[in-house]
Amino acid sequence: MTATPNLRYLLSINSENAWSDLLATLMDADQMTTRHSLGIAGDAPLVIRREVAKSRARKLSDRPDLVVESDGRTVAVIEVKLLAGLGDEQLERYYRYVDESDREGCRFLAVSLLRLRLNTEHAVEWDNRTWEGLLDPFVSSSVPWVATTAAAWLRHIAATVSAVDGATVWNQVEGDDLYLGLRLRSAYLRENVGVPPGSSSAVQEIGSGGLYAAMVDAPVPGSSYTVRWEATEHLPTQDVGKLTDGSGLRGPEVRFFLVQQNVTSSRTYDWDHLNVLWREYLAAEHWIPWRAHPPRKKLPWEIDGVARLRQLGSPVFLGYGFGERQAALSGEVHFGARFVLPPTATLAEVTDMLSRVAVIGSRMAMHPMAPRTAHTE
């Protein structure tokens, strides 16, 4: 009996290209299963293509991970993800990649791991599939090596992407990849947090990359602001990379931000509104163990903003966050406050905390006085 191959060295959890290449190989080798799995009609030969740009012109070089063609028409577009999330309007751009005349008969699939599911609610044309579900039909392939590879691949996923649940302790990360363990924790929080009406949850990569935050946003009606609560590891990305196991993690950091969106600078941030939200909704919440460190600012207008908070009577720690550099990176400015839970906290405890403060966030977003917007921004 032939031993099942170990795909650990072939399919790194950090290499979407390796996973896409092998998927394309299986799809090409067993086109009958490919048709069945993707729901492609007809029996004409399939052409599987990898990262084909429709145009090399500047800003027009979108390259979906896999494109399937038949009889000269695009019949499927597949975008695969592992640890990374979706880019800005990525699925919408890839939908437009297909000629309008071919879109009705084309299948659009966004593929992610079962325990790291993508949120594709914003892109209704896309079928949200899992790697596990996509590979499962290939286990019964009539092509022996395809069946063996698919079965080994599913075992590799099960061994690599460990299960987490409410009893999982934050700093007890199993396996070789701390970043993956923390990414799984963020995914669990996002899937299980209580999201108030009018709010939305997401997982977003933060900092210099590698760490993720589970967040709940409550948009402020009629403005370019949102009230955000998020949870992530308190240790900076570069320091997580120096750890050999999870015992050195500091614990989940819970952050409150009044976020200004669609800006290129922190110059027009409404510090007065941040103070109003603090005074009306958070000052009396004495159960929240705020981290008391004063924010350190370098830019004159951010120094003035923190001074304005002090003048209005806000606590010395309000104003923590990310300003000018964050605006250049993401078009957002984040200022608020934070606290840290013990590294031995369970995911159930972190989820309960994030759910509790998200309710406060939804009330803050509906405050009758809106932040300054329009012509000042």
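Structure values in brief
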read-out: Protein-only accessible surface order, largest first, of Ser200, Ser70 at 1.4 Å; value: Ser200, Ser70
read-out: Cα Rg, Dmax, the chain, angstrom units; value: 23.4, 77
read-out: GluC sites (Glu not before Pro) within segment 59-146, DSSP loop, no more than 11 other Cβ atoms inside 10 Å; value: Glu104, Glu121
read-out: Segment 1-122 shape via C-alpha gyration tensor axes, a/c threshold 1.5; value: oblate
read-out: Cα-only Debye scattering, segment 117-160: base-10 log of I(q)/I(0) at q = 0.15, 0.24, 0.27 Å⁻¹; value: -0.47, -0.79, -0.87
read-out: Segment 265-377 - Rg and Dmax from Cα coordinates, angstrom; value: 15.0, 47
read-out: Spin-label pair Asn6/Arg96, simplified geometry with 7 Å Cα→Cβ offset, distance in nm; value: 4.7
read-out: Centre separation in Å (Cα based) which lies between segment 135-175 and segment 294-356; value: 38
read-out: Rounded, prolate or oblate (a/c below 1.5 giving rounded, otherwise prolate when a/b exceeds b/c) for segment 176-224 by Cα gyration tensor; value: oblate
read-out: Formal net charge of residues neighbouring Ala44 (Cβ-Cβ distance under 13 Å; K, R +1; D, E -1); value: -1
read-out: Surrounding net charge for Leu249, when Lys and Arg each add one and Asp and Glu each subtract one, Cβ distance under 11 Å; value: -2
read-out: FRET efficiency for Val143 and Glu349, using Cβ-Cβ distance with R0 set to 51 Å, rounded to 0.05; value: 0.60
read-out: Accessible-area value, Ile157, 1.4 Å probe, nucleic acids and ligands omitted, Å²; value: 10
read-out: Three-way shape call for segment 99-255 based on the alpha-carbon gyration tensor, with the a/c threshold at 1.5; value: oblate
read-out: Area of Asp177 that stays accessible when all protein chains are in place (1.4 Å probe, Å², to 10); value: 40
read-out: Mean Cβ neighbour count within 10 Å, used as a protection proxy, ranking 351-357, 93-99 highest first; value: 351-357, 93-99
read-out: Theoretical gain in end-to-end length, Ala292 to Glu191 [0.36 nm per residue, Cα-Cα removed]; value: 33.3 nm
read-out: Amide proton proximity set for Tyr320, modelled H, under 5 Å, gap of 5+; value: Gly336
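The values are calculated or read from the model by the stated rules, or taken from the named source; none is laboratory data. Not measured: the values here are computed from a predicted model. For neighbour counting, all protein chains shown are included, and Cβ atoms are generated from backbone atoms with ideal geometry for every residue, glycine included. These area figures cover heavy atoms from the full protein model, side chains too; ligands, DNA and RNA do not enter into them. Shrake-Rupley method; radii C 1.70, N 1.55, O 1.52, S 1.80 Å.
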